[in-house]
Amino acid sequence: MAEKESEGPLLVIDDEETIRDGCRQVLEKSGYTVITTTNGLDGIRIAREKHPALVFVDLKMPGMSGLEIIDVLLEDIPYVVLVVITGYASIVSAVESMKRGAYDYLPKPFTPDQLRAVTKRGLEHRELRIEAKMLRDAKEQIEKDFITFVSHEMRSPLVTIQQYMESLKVVAGDCLSGEARDIIERCDKRIRNLEDLVEHWLDIRHIENGTLIREKERIDLSGVIAQAMEDMKPLCEKRELALEEDIPEDLPMIIGDGESLVRVFVNIIGNATKYTPAGGSIFVHGEYDMHYVSVSVSDTGRGIPADKLPFIFEMFYRVKGEVEDQRGSGLGLAFCKRIMDAHGGKIDVSSQEGKGTTFVLRFPR
Amino acid sequence: MTVKKKVLLIDDDRDFLMATKLILEKSGYEVFLAESGKSGLAMIESTCPDLAIVDMMMETWGEGFDVISKIRSLEMGKDMPLVMLSGVDLQGPYQSYEPSDEFPKVNMILHKPVKAEDLIRYVGELIG
């Protein structure tokens, strides 16, 4: 029966021959494909190969314990449904296994009807879980597409508003009081922030679609860093922050997209400028070993509180900046993380409140 | 009496036309507006501007290129200072436009939104 095939085979792990044979007979008669084995290790190996939809596991077998087998199967086989076969008086272990994620238990001795019933229910349960996940994914995709659509639609009006702001400054500039000019400046900043947000969002979507990074080639990371530092120099000077580097001359090349990596470093250094008070410094350090090239960006800023640290790479997460009006889009670090993912690299952060923060970007060689 | 220099703006975005007109008029230029490539070309001939600013994207993507080509093929447009505006909907490979060698010359490419002081300075550099 083709329908039942597509669900994946059933696997019976039991050291008792009568159980294995009995299950096989009953279930094959109902049209399922059945695989049997005598012990946990073989069962796990077969399961990883065949991806069964449902596995019967005897709790009490010599060798690997039933609970251990459950743990591994749940970890390795997506959507697998586990039914534990228990001895007459071992309800406690049955309950324990259900706490660990087993779907149901079959106490011995059990009838063919009971076996068929639990199988049917278990497989239906699995179907529902798979469908639920598909729906969740579809919903998420729709949400993302919607936000992308809105972001696109927002760009044009934002540009228009900005252009009018420029006109306003020119047309009415002379007759505007200091207060009025201040208000226009603030509006301007917020509009720019909104623009950044939209751009970042669209960039992230592009990374996820695989359309942002064009081609990867061998690039000189020190050149990328130099470019980013060059770009950020004016801002650092304005904020009275020292920007220094210590990059070895022979920093190895990596495979990547130079343009997006420059943006990553600009982002990270930019973050440092937001959270470091005037007179502080930002330090870029590079090193490498046989397997990785690592670049760290440290600042002497006020640091990130420990309870906020795990969230900073999440989308829209923001921490208040040093200067009053500074507002990030909340997407900068999410963007950086995705670019690093796309390069097979890692980005990590460590911080001490009052002392400073260090970001470490690690690339495979 | 000094004659005002004439600037022609060709863009299908009315808001952009208005906003830019305000900036340029305040700086003493006489500004003409055209909302399409077709009317823009007609206005080149009728007003004979000192400078034309053309949006890259109008009704269709890249329509601005077409308009620039046509202006350059006119006798009066051969050496006319021309500025191209790059649109806001460009992404990815089109974001930084690099004209090919055969493409008719534009004197400058600007990105929207244009800062008032930049616009005034560039126009001043091109036509005084």
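The values are calculated or read from the model by the stated rules, or taken from the named source; none is laboratory data. Remember, predicted model here, so these are calculated numbers, not experimental data. Here the Cβ is made from the backbone with ideal geometry for all residues, glycine too, and neighbour counts use every protein chain on show.
Yes or no, residue by residue, for (1) at positive phi; (2) touching a Phe, Trp or Tyr at 6+ places or on another chain (Cβ under 9 Å); (3) away from chain B (no Cβ under 14 Å); (4) aliphatic (A, V, I, L, M):
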| residue | (1), (2), (3), (4) |
| --- | --- |
| A:125 | no, yes, yes, no |
| A:128 | no, no, yes, yes |
| A:139 | no, no, yes, no |
| A:146 | no, no, yes, no |
| A:151 | no, yes, no, no |
| A:155 | no, no, no, no |
| A:161 | no, no, no, yes |
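Take the conditions (1) at pLDDT below 95; (2) in a loop (DSSP other than H, G, I, E, B); residue A:49 misses just one of them, which is (2). Take residue A:8 and decide whether it is surrounded by 18 or more Cβ atoms within 10 Å (Cβ to Cβ), in contact with a His (Cβ under 8 Å, 6 or more places away or on another chain) and touching a residue at least 24 places away in the same chain (Cβ under 8 Å). Judged against the criteria, residue A:8 is a match.
For the range B:1-32, which positions are more than 14 Å from chain A (Cβ to nearest Cβ) and either in contact (Cβ under 8 Å) with a residue 12 or more places away in the chain or part of a strand (DSSP E or B) (or both)? Before the answer, list the steps.
Just the residues of the range B:1-32 that are more than 14 Å from chain A (Cβ to nearest Cβ), to begin with: B:1-8, B:10, B:30, B:32.
The answer is B:4, B:5, B:6, B:7, B:8, B:10, B:30, B:32.
For residue B:50, the conditions (1) within 12 Å of another protein chain (Cβ to nearest Cβ); (2) surrounded by fewer than 23 Cβ atoms within 10 Å (Cβ to Cβ); (3) in contact (Cβ under 8 Å) with a residue 40 or more places away in the chain; (4) under 14 Å from the mean Cα position of the chain (by Cα) all hold with the exception of (1). The range A:223-324 holds strands (runs of 3 or more DSSP E) entirely within its bounds, and those carrying 2 or more residues that are of a type in the set (Asp, Glu) and at pLDDT 90 or above map to A:242-246.
Output the residues belonging to the range B:42-62 that are in a helix (DSSP H, G or I) and in contact with a strand residue (DSSP E or B) (Cβ under 8 Å, 6 or more places away or on another chain). Break it down into steps so the answer makes sense when it comes.
Filtering the range B:42-62 for residues in a helix (DSSP H, G or I) gives B:42-47.
Passing the criteria: B:42, B:43, B:44, B:47.
Any residue that is within 10 Å of chain B (Cβ to nearest Cβ), out of contact with any strand residue (DSSP E or B) (no Cβ under 8 Å at 6 or more places or on another chain) and acidic (Asp, Glu) - is there at least one of those in the range A:177-191? Among the residues of the range A:177-191, not one is within 10 Å of chain B (Cβ to nearest Cβ), out of contact with any strand residue (DSSP E or B) (no Cβ under 8 Å at 6 or more places or on another chain) and acidic (Asp, Glu), which makes the answer no. Among the residues of the range A:56-67, is any buried (at least 18 other Cβ atoms within 10 Å of the Cβ), of a type in the set (Gly, Ala, Ser) and at pLDDT 95 or above? Within the range A:56-67 (the criterion being buried (at least 18 other Cβ atoms within 10 Å of the Cβ), of a type in the set (Gly, Ala, Ser) and at pLDDT 95 or above), the answer is no, since none of the residues qualifies.
Here residue A:128 clears all of (1) free of Cβ contacts under 8 Å to residues at least 12 places away in the same chain; (2) closer than 30 Å to residue B:16 by Cα except the condition numbered (2). Would you mind stating whether residue B:7 is closer than 21 Å to residue A:159 by Cβ and at pLDDT 95 or above? In short, yes. Using the structure shown, decide if residue A:132 is more than 14 Å from chain B (Cβ to nearest Cβ) and either in contact with a Ser or Thr (Cβ under 8 Å, 6 or more places away or on another chain) or under 23 Å from residue A:19 (Cα atoms) (or both). Criteria not met by residue A:132.
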